[in-house]
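The values are calculated or read from the model by the stated rules, or taken from the named source; none is laboratory data. All of these numbers come straight from a predicted model, not from anything done at the bench. Please note: Cβ atoms are built from the backbone with ideal geometry, for glycine as well, and neighbour counts cover all protein chains shown.
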Amino acid sequence: MEATNILDVEKFIVECSDMMSGKFFDLRKRLDKFLSVMTESEDILNLLADAIDSIDYETEFEKAFYIDKKSGAVKVSLPVDNKKKLGLCVSLFNDLTNEKLNTNQFLETYFQDKKLTPVQNFLEKVIKTFRDGICKEFGIDPNLSQDELNKHILDSKPEKEPEEEKEEFPQIDMLLSEVSRISNQILAVLKFEKKRTDNLDDLEFVVETIIHSCQAKDLMVVNGLVVGLEYVSRKFKNIRHLVGDLTSLIYDYYEFLGGGPSPFELPAQEENQEEIEETEE
């Protein structure tokens, strides 16, 4: 399969590998970041949407996570077919982040191991398998490193364009572009909702209107819709991190207009702090 933007796919592969290097963390919280990076690739989302439609999730789940009634032996065996494997995994991730499955109970039931913690065992059997399945579809080396990714990103960067004239709202195009990107991520995640409800329809309508307002460069409307989005999205836990990102972005932009730092330029000190936090995880 040829990806429209292979860099977004590569970013997710590196994120998978980074997640697998962790030992002790809150799996559900870590999956939020994992899925956030995944939704940046439209090619991965299209692949997974097709994979989800091709399986009976409950049937595949029962086959993959099995407990022998007589012996009590636990067996974890993901489908051999790559499409079924990917569809099962992403549906499982959705259930864990939405708390339809109790994360701790799920890990303790199916991923006990003498040498590995339940989280490490899950990473090895599920995350690694999922990563390798994505790599197979896009022809990417599963062992792609962060340094190699950085080189690919650097090689793909276009030459700098001349600075734009000052606007009434400085960096407004950057803001609206980022708002649109996050809004499209939210719509992509909502594709995985299995049941249509009035709440889901309302939520999608608000998000689509935010995107249209960005295209019209109407900052006031965008601001009001993002505030409303916090209310209509409360029941959808799998997008809470993205809604939070939108809210913070709008808040930081108005702080910037009042003389604060640009929300698009991360200070070196804060950047170093993020690296420290990732190391601690």
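Check off (1) of a type in the set (D, E, K, R); (2) touching a residue at least 40 places away in the same chain (Cβ under 8 Å); (3) out of contact with any Pro (no Cβ under 6 Å at 6 or more places or on another chain) for K84 and give me the number that stays unchecked.
Against the list (1) of a type in the set (D, E, K, R); (2) touching a residue at least 40 places away in the same chain (Cβ under 8 Å); (3) out of contact with any Pro (no Cβ under 6 Å at 6 or more places or on another chain), K84 comes up short only on (2).
Name the residues in region 230-260 that are of a type outside the set (F, W, Y), in a helix (DSSP H, G or I) and either on the phi > 0 side of the Ramachandran plot or more than 20 Å from the chain's Cα centre (by Cα) (or both), would you?
V232, I250, D252, E255, L257
Identify, by number, the condition in (1) in contact (Cβ under 8 Å) with a residue 60 or more places away in the chain; (2) surrounded by 16 or more Cβ atoms within 10 Å (Cβ to Cβ); (3) in a helix (DSSP H, G or I) that I153 doesn't meet.
Only one criterion in (1) in contact (Cβ under 8 Å) with a residue 60 or more places away in the chain; (2) surrounded by 16 or more Cβ atoms within 10 Å (Cβ to Cβ); (3) in a helix (DSSP H, G or I) is unmet by I153, namely (2).
Under 8 Å by Cβ, and 6 or more places apart or on different chains, what pairs join a residue from region 114-141 that is assigned by TED's automatic domain parsing to the domain that holds D18 with one that is among the charged types (D, E, K, R) and in a helix (DSSP H, G or I)?
Every condition considered, the pairs that remain are L116/E124; P118/E108; T129/K85; F130/K85; G133/K85; F138/D43; I140/E10.
Any residue in region 12-25 that's among the small types (G, A, S): show its pairings with residues that are exposed (fewer than 12 other Cβ atoms within 10 Å of the Cβ) and at pLDDT 90 or above at Cβ separation under 9 Å, as long as the two are six or more apart or on different chains.
Between residues of region 12-25 that are among the small types (G, A, S) and residues that are exposed (fewer than 12 other Cβ atoms within 10 Å of the Cβ) and at pLDDT 90 or above, the close pairs are S17/N143.
Pull up region 169-193, narrow it to residues that are over 21 Å from S41 (Cα atoms), assigned to a loop (DSSP other than H, G, I, E, B) and not hydrophobic (A, V, I, L, M, F, W, C), then point me to the one that is modelled with the highest pLDDT.
Going through the qualifying residues, I end up with Q171.
Report those helices (runs of 4 or more DSSP H) wholly inside region 50-122 carrying at least 2 residues which are loosely packed, with under 12 Cβ neighbours inside 10 Å and not polar (S, T, N, Q).
57-64
Do the conditions hold for L219, that is, is it at pLDDT 90 or above, surrounded by 19 or more Cβ atoms within 10 Å (Cβ to Cβ) and in the same structural domain as E178 (by TED's automatic domain parsing)?
It is false that L219 is at pLDDT 90 or above, surrounded by 19 or more Cβ atoms within 10 Å (Cβ to Cβ) and in the same structural domain as E178 (by TED's automatic domain parsing).
If we keep just the residues of region 230-274 that are closer than 18 Å to I182 by Cβ and either in contact with a strand residue (DSSP E or B) (Cβ under 8 Å, 6 or more places away or on another chain) or small (G, A, S) (or both), which is modelled with the lowest pLDDT?
Per the criteria, the residue is S262.
Out of all the residues in region 209-228, which are touching a residue at least 24 places away in the same chain (Cβ under 8 Å) and assigned to a helix (DSSP H, G or I)?
I210, I211, C214, Q215, L219, V222, N223, V226, listed by residue number.
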